[in-house]
Amino acid sequence: MLINSEDGDETEAALEGWTGQRTVPNVFIDGKQIGGCDVLMVKHQAGTLVPLLTDAGALANTSAQL
């Protein structure tokens, strides 16, 4: 819930209309909605988050593991 924002309800409603998810964080990578914290953690633990970020140009293509 965006309780610290005057337009929090409107922002959450817009997010829900656009992505089907009201909650924040609502993470996008390379213009694609990925999901929230739980989804990001699952992707990270499965080893699929770093490739998404690398392919999007958000990380350098190195052999270092995050």
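Some points to look at:
To keep it simple, each residue is scored yes or no on (1) closer than 16 Å to PRO51 by Cβ; (2) touching a helix residue (DSSP H, G or I) at 6+ places or on another chain (Cβ under 9 Å); (3) surrounded by 12 or more Cβ atoms within 10 Å (Cβ to Cβ); (4) not hydroxyl-bearing (Ser, Thr, Tyr).
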| site | (1), (2), (3), (4) |
| --- | --- |
| ASN4 | no, no, no, yes |
| GLY8 | no, no, yes, yes |
| LEU15 | no, no, yes, yes |
| GLY20 | no, no, no, yes |
| THR23 | no, yes, yes, no |
| ASN26 | no, yes, yes, yes |
| GLY31 | no, no, no, yes |
| ILE34 | yes, yes, yes, yes |
| VAL39 | yes, no, yes, yes |
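- Of all residues in region 41-51, exactly one satisfies the criterion of being surrounded by 13 or more Cβ atoms within 10 Å (Cβ to Cβ) and touching a Gly at 6+ places or on another chain (Cβ under 9 Å), namely LYS43.
Read-outs: derived from the displayed coordinates by stated rules, not from any lab. Everything quoted here is computed from the prediction, not taken from an experiment. So basically every Cβ, Gly included, is an ideal-geometry build from the backbone, and we count neighbours across all protein chains shown.
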